[in-house]
Amino acid sequence: KFDEGVVAAKEAEVDGKKIYIIEGIIGEGLKSTAGGIGVENLQGSGVIAGETSRAYNDIFTLSYVTGRSVGIGAYLNRLGQRVIQMVNGPMILTGFGALNKLLGKKVYTSQDQLGGPQV
């Protein structure tokens with residue numbers, strides 16, 4: 001469970017069951033986010049990852065990427081069975097700096113070299 005005000009969601013009904021559609025995870029103004037985003041975002045991502053993983057074998061799962069999806073957000077998209085990715089909706093798992101460090105030399109100079117609409 002999250003503190004009140006952490007998750008922005010709307011109630012919906014599917015096949016007679018009450019569900020909540022997550023619209024955002026909010027960390028602003030909470031004690032745990034003083035000085036930064038805090039842990040709520042990562043906790044929420046963990047919940048979404050678990051639910052998506054469990055649903056994978058039971059129902060059709062789809063992610064629709066309309067904007068930049070970075071880090072765990074990109075990973076969450078890929079947990080489903082299918083991804084629809086808009087031309088201007090890159091999914092970035094890591095940055096060019098991290099890859100250069102891993103490779104031990106300066107191979108990439110920007111995120112643009114790691115992909116984009118042409119991938």
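Potential lengthening of the chain between Asn100 and Ala12 amounts to 27.2 nm, from the contour at 0.36 nm per residue minus the alpha-carbon distance.
Placing pseudo-labels 7 Å out from each Cα toward the beta carbon at Leu42 and Ile72 gives an inter-label distance of 0.7 nm.
Based on every Cα atom in the stretch 61-119, Rg and the maximum pairwise Cα distance Dmax equal 12.5, 39 Å. Amide H contacts of Leu93 (H built 1.01 Å from N, in plane; Pro and chain starts excluded): Gly71 sit under 5 Å, all sequence-distant by 5 or more or on other chains. What's the local net charge at Phe96, with K and R +1, D and E -1, over the other residues with C-beta under 14 Å away? With Lys, Arg at +1 and Asp, Glu at -1, the net is +2.
Laboratory data are not the source of any read-out in this text; all were calculated from the coordinates shown. Worth saying up front: this structure is predicted, and the values here are computed from it rather than measured. Backbone-built Cβ (ideal geometry, glycine too); neighbour counts: all protein chains shown.
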